[in-house]
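Novice: What follows is a single structure, and I will ask about it in a moment.
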Amino acid sequence: MINITFPDGAVRQYEAGVTAMDIAKSISEGLARKVLAAKVNGQVTDMARPITTDSTLQLLTWTDTEGKSTMWHSSAHLMAEALESLYPGVKFGYGPAIENGFYYDIDLGDRTISDEDLRKIETKMVSLAKENSVYERKEVSKEDALKYFTEKGDQYKIETINELQDGSISFYTQGNFTDLCRGPHIPNTGFIKAIKLTNIAGAYWRGNEKNKMLTRIYGITYPNQKELDEYLHLLEEAKKRDHRKLGKELELFAFSEKVGLGLPLWLPKGAMLRERLQSFLQKAQTDIGYLPVVTPHIGNKNLYITSGHYEKYGKDSFQPIHTPEEGEEFMLKPMNCPHHCEIYKTSPKSYKDLPVRFAEFGTVYRYEQHGELHGLTRVRGFTQDDAHLFCRPDQVKDEFLKVIDLVLYVFNSLSFTDFTAQISLRDKEDRSKYIGTDENWNLAEQAIIESAAEKGLKTVTEYGEAAFYGPKLDFMVKDALGRKWQLGTIQVDYNLPERFELEYIGADNQKHRPVMIHRAPFGSLERFIAVLIEHCGGKFPLWLTPTQVKILPISEKNQEYAEKIANLLKNAEIRAEIDDRNEKIGKKIRETELAKVPYMLVLGEKEATDNKVAVRRQAKGDIGVMDLEQFIELVKEEVASKRPFE
């Protein structure tokens with residue numbers, strides 16, 4: 001007999017070799033019909049896998065993230081079965097589950113797939129799902145695995161198998177389709193009730209531009225049509241809120257192939273938006289003791305060798321810049337932290353001087369593959385709201401708590417209220433990608449765990465997600481459509497101070513190493529603004545929006561009064577523009593609505609005579625005629641309140 005411990009702490013005994021499905025049935029037949037996979041000793045597995053030793057067990061349903069992921073991975077296999085049936089000879093790359101759904105990279109040879117074909121594939125998937133085919137796992141030798149896919153002529157699977165160890169290879173079969181796969185999978189295809197293939201894209205095999213371009217088909221499945229319909233509605237809303245579309249319509253930013261892919265150009269309104277965000281954070285951090293610094297856009301290659309960035313990211317960076325000086329090489333700055341370490345070293349420090357907090361809106365550059373670039377969310381040049389805090393070991397926790405407070409202030413001010421703090425730690429097994437001693441890592445990880453608990457943050461822990469120099473607290477924010485984004489980050493680092501030999505003189509008159517905290521509440525301005533645009537649908541809070549008021553004179557006769565109002569608003573530090581085009585007032589109002597300007601002042605003969613303004617609120621219509629002073633007070637009150645978009 002073996003002991004099975006459930007999430008609530010209850011322990012039951014079963015015979016060795018029992019499966020998670022057997023256990024689910026012993027609890028309730030209704031439960032067994034809902035369970036998609038099991039988590040045994042922290043590892044997600046198939047329901048049919050035997051459990052032979054004392055174990056912890058969690059039964060995963062559609063409400064669990066791992067349950068959804070398992071179903072979506074199984075759906076990728078179902079799509080592959082449909083594709084193989086409809087397009088004999090198709091070859092398969094990778095087909096993983098992703099945050100929302102799944103994809104499979106395929107090679108159709110000379111054939112192509114259109115949006116019309118997706119509907120045909122969907123229909124076939126629905127038909128196959130109704131067969132309730134069991135997902136069966138089989139361990140195979142490397143020799144047999146290679147033989148199977150050689151006979152099929154699938155070079156992508158052969159290449160993958162050649163990199164695997166014999167004894168670690170498994171196949172999964174459902175219906176007439178067999179795939180190389182570690183699993184896990186849902187019990188059978190019958191759990192997949194509602195299917196939608198959403199998109200076709202190109203993807204290089206293994207993300208390498210030198211390899212063949214494959215066809216990537218995206219899809220998503222649900223256990224019922226109602227939930228799928230709700231998701232598709234959100235998808236349509238997301239298209240309307242796409243920051244690339246709104247960025248163009250609102251004249252915030254642009255891209256130019258002549259300038260270079262992934263290098264955004266900020267237009268005047270976008271630049272004003274950036275500057276306002278910068279000023280907001282600069283004031284907040286200056287008030288709590290941060291000191292501004294500025295560093296160059298390039299640095300000597302040796303700087304990044306010392307920091308470890310070149311070893312870890314050199315291949316993914318822009319190539320070194322060679323100067324006329326023999327052997328001299330510079331690099332576009334991939335990180336600000338090495339530069340800030342050198343600033344720390346410019347003067348001796350005492351324990352009384354710490355903490356020192358250096359802050360910079362520093363632009364960095366990283367070479368991303370063409371296919372990975374995406375609007376402002378994935379670029380090659382971006383500005384981090386970076387700061388590095390150098391403190392004594394006894395100050396780490398207090399400083400970390402203060403940074404959490406700053407991040408929460410930023411999020412609350414911009415109505416990001418639904419978020420989870422992800423504690424990103426080292427990989428439990430593979431320590432090769434990290435620098436520093438176990439002792440320092442343990443200290444850093446403990447400081448993060450304790451700080452998050454003390455602030456009462458809703459947290460998840462992810463192993464293997466730490467930076468190479470230290471663990472992190474990453475803030476995963478849900479936007480208005482329920483999508484999850486990583487924005488702010490805080491990191492504890494004992495390692496760069498070692499590498500740069502940073503010191504301070506302690507109370508004992510001896511030399512000591514400071515601890516370094518990296519933090520960026522926005523993460524990067526580009527990504528943050530992209531998420532903010534989509535979160536608020538382009539309707540920025542009044543304090544942040546580039547144009548707060550559009551003045552709409554009804555005719556040329558009212559132009560002089562419009563200019564007078566514009567000057568008075570300017571004197572009151574309210575951002576206003578006049579639409580003096582020779583157009584009908586209805587058209588001006590419609591276009592101002594589309595431009596998402598919060599307030600409109602409609603000025604005609606009566607308003608000019610009475611020295612009043614007729615006020616309209618974006619998406620709400622007329623809110624009344626009032627004195628300009630009354631309107632100014634209304635705007636200032638809303639700006640001061642930092643109310644979110646409406």
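The values are calculated or read from the model by the stated rules, or taken from the named source; none is laboratory data. Source: prediction; values computed, not measured. Neighbour counts are summed over all protein chains in view; Cβ atoms, including those assigned to glycine, are modelled from backbone coordinates with ideal geometry.
Novice: Going by the structure shown, is residue 186 part of a strand (DSSP E or B) and aliphatic (A, V, I, L, M)?
Specialist: No: the conditions fail for residue 186.
Novice: Are there any pairs with C-beta distances below 8 angstrom linking a residue in the range 29-47 that is over 15 Å from residue 70 (Cα atoms) and free of Cβ contacts under 8 Å to residues at least 40 places away in the same chain to a residue that is crowded, with 19+ Cβ neighbours inside 10 Å and of a type outside the set (Ser, Thr, Tyr), with the two at least 6 apart or on different chains, and if so which?
Specialist: 31/24; 31/59; 32/24
Novice: Exactly one of these conditions fails for residue 310: (1) surrounded by fewer than 15 Cβ atoms within 10 Å (Cβ to Cβ); (2) over 30 Å from residue 594 (Cα atoms). Give me its number.
Specialist: (1)
Novice: Could we say that residue 435 is at pLDDT 90 or above, on the phi < 0 side of the Ramachandran plot and hydrophobic (A, V, I, L, M, F, W, C) here?
Specialist: In short, no.
Novice: Ok, one more. Check the range 211-226 and report whether any residue there is in the same structural domain as residue 135 (by TED's automatic domain parsing), in contact with a Lys or Arg (Cβ under 6 Å, 6 or more places away or on another chain) and under 18 Å from residue 115 (Cβ atoms).
Specialist: Within the range 211-226, one or more residues are in the same structural domain as residue 135 (by TED's automatic domain parsing), in contact with a Lys or Arg (Cβ under 6 Å, 6 or more places away or on another chain) and under 18 Å from residue 115 (Cβ atoms).
Novice: Quick check, is residue 605 within 40 Å of the chain's Cα centre (by Cα) and among the acidic types (Asp, Glu)?
Specialist: No; evaluated as a whole, the condition is false for this residue.
Novice: Can I ask one more? Taking the range 494-539 on its own, how many of its residues are within 30 Å of residue 272 (Cβ to Cβ) and either in a helix (DSSP H, G or I) or hydroxyl-bearing (Ser, Thr, Tyr) (or both)?
Specialist: Of the residues in the range 494-539, 13 are within 30 Å of residue 272 (Cβ to Cβ) and either in a helix (DSSP H, G or I) or hydroxyl-bearing (Ser, Thr, Tyr) (or both).
Novice: Output the residues belonging to the range 320-330 that are part of a loop (DSSP other than H, G, I, E, B) and of a type outside the set (Val, Ile, Thr).
Specialist: Hits for the range 320-330 are 320, 324, 325, 326, 327, 328.
Novice: What's the number of the condition residue 593 fails, among (1) within 30 Å of residue 243 (Cβ to Cβ); (2) surrounded by 18 or more Cβ atoms within 10 Å (Cβ to Cβ); (3) at pLDDT below 95?
Specialist: Only one criterion is unmet by residue 593, namely (2).
Novice: Of the residues that sit in the range 17-74 and are of a type in the set (Lys, Arg) and assigned to a helix (DSSP H, G or I), which one is surrounded by the fewest Cβ atoms within 10 Å (Cβ to Cβ)?
Specialist: Among those that are of a type in the set (Lys, Arg) and assigned to a helix (DSSP H, G or I), it is 25.
Novice: Name the one entry in 353, 398, 385 that is surrounded by 22 or more Cβ atoms within 10 Å (Cβ to Cβ), among the acidic types (Asp, Glu) and either farther than 24 Å from residue 528 by Cβ or in contact with a Pro (Cβ under 7 Å, 6 or more places away or on another chain) (or both).
Specialist: 385
Novice: For the range 149-181, name all the residues that are within 17 Å of residue 83 (Cβ to Cβ) and buried (at least 18 other Cβ atoms within 10 Å of the Cβ).
Specialist: Across the range 149-181, the qualifying residues are 149, 154, 156, 157, 172, 174, 175, 177, 178, 179, 180, 181.
Novice: What's the number of the condition residue 246 fails, among (1) surrounded by fewer than 19 Cβ atoms within 10 Å (Cβ to Cβ); (2) part of a helix (DSSP H, G or I)?
Specialist: With (1) surrounded by fewer than 19 Cβ atoms within 10 Å (Cβ to Cβ); (2) part of a helix (DSSP H, G or I) applied to residue 246, the lone miss is (1).
Novice: So residue 88 ticks every box in (1) under 25 Å from residue 148 (Cα atoms); (2) out of contact with any helix residue (DSSP H, G or I) (no Cβ under 6 Å at 6 or more places or on another chain); (3) touching a residue at least 12 places away in the same chain (Cβ under 8 Å) but one. Which box is left unticked?
Specialist: (3)
Novice: Pick from the range 187-242 the residues that are within 21 Å of the chain's Cα centre (by Cα) and among the β-branched types (Val, Ile, Thr): which of them is surrounded by the most Cβ atoms within 10 Å (Cβ to Cβ)?
Specialist: 220
Novice: For residue 146, all conditions in the list (1) surrounded by fewer than 16 Cβ atoms within 10 Å (Cβ to Cβ); (2) over 19 Å from residue 73 (Cα atoms); (3) over 26 Å from the mean Cα position of the chain (by Cα) hold save one; what is the number of the exception?
Specialist: (1)
Novice: Before we move on, is residue 119 among the basic types (Lys, Arg) and assigned to a helix (DSSP H, G or I)?
Specialist: yes
Novice: Which residues, taken from the range 86-125, are buried (at least 18 other Cβ atoms within 10 Å of the Cβ) and of a type in the set (A, V, I, L, M, F, W, C)?
Specialist: Matches in the range 86-125: 90, 92, 97, 102, 106, 113, 118, 121, 125.
Novice: Among the listed residues 422, 384, 395, identify the single one that is in a strand (DSSP E or B), within 22 Å of residue 440 (Cβ to Cβ) and of a type in the set (S, T, N, Q).
Specialist: 422
Novice: Being exposed (fewer than 11 other Cβ atoms within 10 Å of the Cβ) and either in contact (Cβ under 8 Å) with a residue 60 or more places away in the chain or aliphatic (A, V, I, L, M) (or both) is the filter here, so list the residues in the range 1-10 that pass it.
Specialist: 1, 10
Novice: Which of the residues spanning the range 331-358 are part of a loop (DSSP other than H, G, I, E, B) and of a type in the set (A, V, I, L, M, F, W, C)?
Specialist: 335, 354
Novice: Out of (1) at pLDDT below 95; (2) under 25 Å from residue 263 (Cβ atoms); (3) surrounded by 20 or more Cβ atoms within 10 Å (Cβ to Cβ), the odd one out for residue 359 is which?
Specialist: (1)
Novice: Can you tell me which residue is surrounded by the fewest Cβ atoms within 10 Å (Cβ to Cβ) among those in the range 455-500 that are of a type in the set (Val, Ile, Thr), in contact with a Pro (Cβ under 9 Å, 6 or more places away or on another chain) and within 25 Å of residue 532 (Cβ to Cβ)?
Specialist: It comes out as 489.
Novice: How about the range 555-646: which strands (runs of 3 or more DSSP E) wholly inside it have at least 1 residues that are touching a Phe, Trp or Tyr at 6+ places or on another chain (Cβ under 7 Å) and without any contact (Cβ under 8 Å) to a residue 60 or more places away in the chain?
Specialist: 599-603, 612-617
Novice: Which residues, taken from the range 175-197, are under 16 Å from residue 37 (Cα atoms) and in contact (Cβ under 8 Å) with a residue 24 or more places away in the chain?
Specialist: 181, 183, 184, 185, 186, 187, 188, 189, 190, 191, 192
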